[in-house]
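Quick notes on the structure that follows.
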Amino acid sequence: MMDNSDTMTPNTYMEQALDVARSAADMDEVPVGAILVDSNSGEVLAQAGNRVEADHDATAHAEMLVIREASRKLGSPRLGDCDLYVTLEPCAMCATAISFARIRRVYFAAYDPKGGGVEHGPRIFNQPTCHHSPEVYGGIAEIEASEMLKAFFTERR
């Protein structure tokens, strides 16, 4: 297994997540992409775009899909040595799943004042009932992710 930890940066992983989001948009899904990375080796364990429409599943958000895939791959529901890169601030459902999975760090691109659950709305990681609060870094490639989302919704109105 190649060790990417010295050559990959948060921006590099976010670019990969943006590529996945573009693919989701091409399939008429809200353009959100997520990448889950082993923080020790730099290996991408899982990547997914939203599949809500394709799967007929309201929970098929990109974050949920990568958590499920990486958990199966690693044989554990706990992903404490993993970092999540996602193109939109996670909603409350995804933030709760991130907490339960004990993900180490969350990097996100665009802030979501309407539906976000990390920096907006319920601020899941700040609640006393939250099991685990990851380190959170927002605003990475924010402009590109925001423009992609705005274009997607403008085309559908």
Taking a probe of 1.4 angstrom, what is the accessible area of Lys150 in Å², to the nearest 10?
-> 140 Å²
Relative to the compact globular guide of 2.2 N^0.38 Å, what is the alpha carbon radius of gyration of the chain, as a ratio?
-> 0.96
Probe 1.4 Å, all protein chains present, accessible-area order of Thr9, Thr87, largest first | Thr9, Thr87
What FRET efficiency do you get for Met8 and Arg78 if R0 is 25 Å and r is their Cβ-Cβ distance, rounded to the nearest 0.05?
-> 0.65
Once normalised by the length of segment 1-147, the mean sequence separation of its alpha carbon contacts under 8 Å that are 6 or more apart gives a contact order in percent of 20 percent
Taking the Cα centre of segment 66-121 as origin, sum charge times position over the Cβ atoms of Lys and Arg (+1) and Asp and Glu (-1), and report the length of that vector in debye to the nearest 20.
-> 280 debye
Helix-only mean residue ellipticity at 222 nm for the chain, each DSSP H run of n ≥ 4 adding -39500 (n - 2.57), per residue, nearest 500 = -11500 deg cm²/dmol
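Could you put Thr129, Thr96 in order of accessible surface area, largest first, with the 1.4 Å probe and the full protein assembly present?
Thr129, Thr96
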Of the residues Gly121, Val52, Met64, the Cα lying farthest along the dipole of the chain towards its positive end, which is defined by charges on the beta carbon of Lys, Arg, Asp and Glu, belongs to Gly121
Taking +1 at the Cβ of each Lys and Arg and -1 at the Cβ of each Asp and Glu, which of Ile103, Gly33, Cys130 sits farthest along the dipole of the chain towards its positive end, judged by Cα position relative to the Cα centre?
-> Cys130
In debye, nearest 20: dipole of the chain around its Cα centre with unit charges on the Cβ of K, R (+) and D, E (-)?
-> 560 debye
Distance-filtered residues of segment 80-107 - backbone nitrogen under 16 Å, label point 7 angstrom along Asn40 Cα→Cβ = 80-83, 103-105
Here the percent of antiparallel bridges among DSSP beta bridges lying wholly in segment 1-142, to the nearest 5, is 55 percent
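The values are calculated or read from the model by the stated rules, or taken from the named source; none is laboratory data. Please read all numbers here as calculations on a predicted model, not as lab measurements. When we count neighbours, we look across all protein chains shown, and the Cβ atoms used for this are built from the backbone with ideal geometry, even at glycine. In case anyone asks, the SASA skips ligands and DNA or RNA and just uses the protein heavy atoms, side chains included. Shrake-Rupley method; radii C 1.70, N 1.55, O 1.52, S 1.80 Å.
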